[in-house]
Amino acid sequence: MYDIYAGYRLDGRFDVAQTARLVARYHYVEAQLMRIAAGKMAELPEWELKCLLGRHLWQDSLHADAWLSRLIDLRWPRRAPLNPGEATCQLLRLLDDAPGSAAFVAAVYRQVKPRLAAAYAAHRAACAPLADEPTWDLLGRIYADEQEQIRQGMALLETFSSEMPVAAQNYETAIAAACDAIGSFAAPDTAAEREAGGSFEGQSIRPAPPIAARDGRFRFGERAADHPPANDHEMALMMAHRDADNEMHAAELLGRNLYEHPEMPWEYHVDTARQLWDEVRHAVLYQRYLEHLGGKLGDFPVIAGNYAYRIGLDFPHRLYDLHLRGEKLGMPDLIRYRETARARGDTPYAMLNDFVHADEVPHVKNGRWLHWLLNNDEAAFRTIERETMRLRAAYEQAHADDPIVMAYTGLVPALLRHEE
């Protein structure tokens, strides 16, 4: 009779305590890779890099969450991370100081992630596959994700200039040396020493850029078009371009919200990483629809306001304005776009908006983190709500010709005609 476990050996190199130390290190490294990438979303200009980071940091959040859950199974009494040691903390602090896009991609995908993947492979080869099958299984699945991420990251790196700047070369050398100082990520004797105050203990916070960076294809303007759209097709092109950029602004703001607030519960970071990835996908969806219509990124101006306005708010007002105002107020528009597209036989646009609307439901629910932040104080929540609305009303009055503002308040006659 077939025996599913016939090929599994009985012994392994690591006991429970050693495995826990390694799992704790894996959690910390994956969590910090997620956080650093989130912080880079608004800082690094290349559109394709933002898309890659959005997907990978969401995957890294799932890896880190799985490792944290496994740690509890290994006789660790709390859902709390362990400090991975100063050498690992130092590597990740250095990773946050990359002097540009190519340097960051090279550091992550040519240095750190290959070493992490090698550690997963070595650990899986050495552990007891039957006694520690949960860890063995996680190692296999996460290793496969990391290998795919490395392949994608290196493919993107090849599209940068073939000549790496000297500063980037020196930086990558420093990253390699920091990795060497750790040794193997799969060596339990150099792994976690004590319980950490959080998943991001020992890491600093870089200041936020006031405007989200864009690459050379884009140009900033005061309006989403150089002139009023001449017909429905031009209107559709302008809307797709505007929406692609606007969704990326949401991803960039979420990146800062995740990066700047290590004190928030771990579950908040997992929720935010997922929403950030959703917003990146939405940006790409509108980009692909723009290309379907015959347009391309850069055909219209982009507006700094959506990110630039919100990044100036403090954290509670940011949470309300994004989740409980912007996401919530945009949901009826998505249904209207879907139904109008169905009526005119535009299947791609109808499906796009149908799925984007479905994603927005949990995005609005993520507003619950404001309630958590305020200790479920209803009076404090109502104060934040009133203040956010007043701040936004003042902004809209001062930027009445901003097409994003017009779309929210229903003031674009051409858009309304298009909807009808």
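The values are calculated or read from the model by the stated rules, or taken from the named source; none is laboratory data. What you see is a predicted model, and the numbers here were worked out from it, not measured in a lab. Heads up, the Cβs are rebuilt from the backbone with ideal geometry, glycines too, and the neighbour counts pull from every protein chain shown.
Observations, loosely collected:
- Here Tyr320 fits the description: assigned to a helix (DSSP H, G or I), farther than 24 Å from Ala225 by Cα, in the same structural domain as His241 (by TED's automatic domain parsing) and in contact with an Asp or Glu (Cβ under 8 Å, 6 or more places away or on another chain).
- Residues satisfying the stated conditions in region 132-155, i.e. within 19 Å of Phe104 (Cβ to Cβ) and among the aliphatic types (A, V, I, L, M): Ile150, Met154, Ala155
- Candidate set: region 362-377, residues that are assigned to a helix (DSSP H, G or I) and within 18 Å of the chain's Cα centre (by Cα); chosen: the one surrounded by the most Cβ atoms within 10 Å (Cβ to Cβ): His363
- Between Arg35, Arg25, Arg110, Arg75, the distinction of being modelled with pLDDT under 95, farther than 18 Å from Arg124 by Cβ and among the basic types (Lys, Arg) belongs to Arg75 only.
- Among the residues of region 153-206, those that are free of Cβ contacts under 8 Å to residues at least 40 places away in the same chain and either in contact with a Gly (Cβ under 7 Å, 6 or more places away or on another chain) or among the hydroxyl-bearing types (Ser, Thr, Tyr) (or both) comprise Ser162, Thr173.
- Residue match in region 294-301 (condition: within 14 Å of Ala250 (Cα to Cα), in the same structural domain as Glu247 (by TED's automatic domain parsing) and among the aliphatic types (A, V, I, L, M)): no
- Taking each residue of region 218-232 that is outside the structural domain of Gly305 (by TED's automatic domain parsing) and basic (Lys, Arg) and looking for partners that are in a loop (DSSP other than H, G, I, E, B) and loosely packed, with under 12 Cβ neighbours inside 10 Å with beta-carbon atoms closer than 7 Å, six or more apart or interchain, yields Arg223/Asp401.
- Sole residue being out of contact with any strand residue (DSSP E or B) (no Cβ under 9 Å at 6 or more places or on another chain) and in a loop (DSSP other than H, G, I, E, B), chosen from Glu279, Glu252, Glu222, Glu234: Glu222
- Single unsatisfied condition, Met238 versus (1) surrounded by 19 or more Cβ atoms within 10 Å (Cβ to Cβ); (2) out of contact with any helix residue (DSSP H, G or I) (no Cβ under 7 Å at 6 or more places or on another chain); (3) more than 30 Å from Lys296 (Cα to Cα): (3)
- There is no residue in region 134-155 that is assigned by TED's automatic domain parsing to the domain that holds Leu91 and not in a helix (DSSP H, G or I).
- Residue list for region 1-20, restricted to those being touching a Phe, Trp or Tyr at 6+ places or on another chain (Cβ under 9 Å) and either of a type in the set (S, T, N, Q) or in a helix (DSSP H, G or I) (or both): Ala20
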